[in-house]
Amino acid sequence: MDDIKEITERLDMDRLPVHVAIIMDGNGRWARKRAMLRTEGHAEGVNSVNRITRLASDLGIRFLTLYAFSTENWKRPREEVDALMHLIGWTIRKETPDLVKNNVRIHLLGEIDRLPESVRKDLEEGRRATSGCTGLNLNICLSYSSRWELTNAARKIASLVEKGEFKPEDITEDTVASMLSTKGIPDPDLLIRTGGEHRISNFLLWQCAYSEFYFTPVLWPDFDNKAFAEALADYQNRERRFGMTSDQVAEKTSESTE
C-alpha cells in the first residue's frame with residue numbers, strides 16, 4: 001500500500017485537499033509502550049514527518065501544515081524541551097537538501113524568536129535554501145498557538161485603528177485573516193489528529209472554521225502512507241456544504257463543470 005501507484009489508484013486525484021494540517025500526537029506514548037525515552041519517540045516521529053511530506057509532495061498537495069511545537073509545550077520538562085529543540089535543528093539541517101531536491105518550500109509559523117538562537121539559525125537557513133521551490137509548501141508551526149496568533153492580530157488591528165489607518169467599522173474577516181501567521185495561505189481543507197485524542201489543542205482555530213476533521217488512534221510514529229491515504233479517502237467521502245444545502249452544493253458543482 002506504500003506504493004504511490006496503489007495509493008493514487010484508490011484516490012480521486014481531482015478531489016484531493018489543497019491544504020492538509022496535522023496535529024502530530026502520540027510520540028511519547030509510542031515510546032512508553034516500548035519502554036523507551038519520550039525523546040526517542042519524538043525522534044521516531046521525524047520519520048513519519050519525512051514520509052508524509054514526501055507523499056503529500058508526490059500527490060500534488062499544495063500545502064501541508066505540521067504542528068511541531070505549541071506555545072503550551074514550553075511547560076514540559078526542561079530536558080524534553082531541550083531535546084526537542086536539538087532534534088528540530090538537526091532535522092532541518094539534515095533534510096533541507098532533500099526538500100530542495102523535491103521542490104518543497106519551508107514556511108515558519110509561530111513565535112520563532114522564542115526558539116534557541118542555534119535552532120533559529122538552522123530554520124532560517126532551511127527557509128532560505130527552499131525559498132525558490134515551487135512545489136509543496138511545508139508550514140512548520142513552532143512555539144505556535146491560535147490564541148497567541150489571534151491576540152497578536154488584535155494588537156496589530158488596534159494599533160492601525162489608533163494610527164487612524166482603520167475605522168472599527170471597516171474591520172472585516174479579511175482584515176483579521178490578513179493579520180494572521182497564515183496570511184496568503186488557504187484555510188485547511190482537512191485537519192488530521194493522530195494519537196486518539198478528539199480535540200484541536202489551540203491549533204488554527206480561525207482557519208479551521210470549515211475544515212473537515214479526521215481523528216485516528218494511530219500514534220504519530222506509526223502514521224504511514226497507508227494511514228495518510230485512509231485519511232484522504234475519508235475526506236473524499238465528505239460533503240462540504242459551507243452552510244449551504246446539499247442541493248445547492250450539487251448545483252454549484254454542476255455549474256463549475258459546465
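The values are calculated or read from the model by the stated rules, or taken from the named source; none is laboratory data. Everything numeric in this text was worked out from a predicted model, so none of it was measured. Ideal geometry is used to build each Cβ from the backbone, glycine not excepted, and the neighbour counts take in all protein chains shown. For the accessible areas, the whole protein counts, side chains as well, though only heavy atoms, and no ligand, DNA or RNA atoms are used. Shrake-Rupley method; radii C 1.70, N 1.55, O 1.52, S 1.80 Å.
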* So which residues in segment 189-212 are among the polar types (S, T, N, Q) and under 20 Å from ALA153 (Cα atoms), if there are any at all? -> SER201, ASN202, GLN207
* To do: Return the residue satisfying two criteria in turn: it lies in segment 10-45 and is surrounded by 17 or more Cβ atoms within 10 Å (Cβ to Cβ) and β-branched (Val, Ile, Thr), and of such residues it is farthest from ASN137 (Cα to Cα).
  => THR39
* Would it be correct to say that ASN152 is modelled with pLDDT of 95 or more and out of contact with any strand residue (DSSP E or B) (no Cβ under 8 Å at 6 or more places or on another chain)? -> yes
* Conditions: (1) within 24 Å of ASP58 (Cβ to Cβ); (2) in contact with a Leu (Cβ under 9 Å, 6 or more places away or on another chain); (3) crowded, with 18+ Cβ neighbours inside 10 Å. ARG193 meets all but one. Number of the miss? -> (2)
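In segment 180-196, which residues are farther than 10 Å from ILE23 by Cα and assigned to a loop (DSSP other than H, G, I, E, B)?
LEU180, SER181, THR182, LYS183, GLY184, ILE185, PRO186, ASP187, PRO188, ASP189, GLY196
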* Structure fact -> THR175 meets each of (1) open to solvent by 30 Å² or more (accessible area, probe 1.4 Å); (2) of a type in the set (Ser, Thr, Tyr); (3) touching a residue at least 12 places away in the same chain (Cβ under 8 Å) with one exception, condition (1)
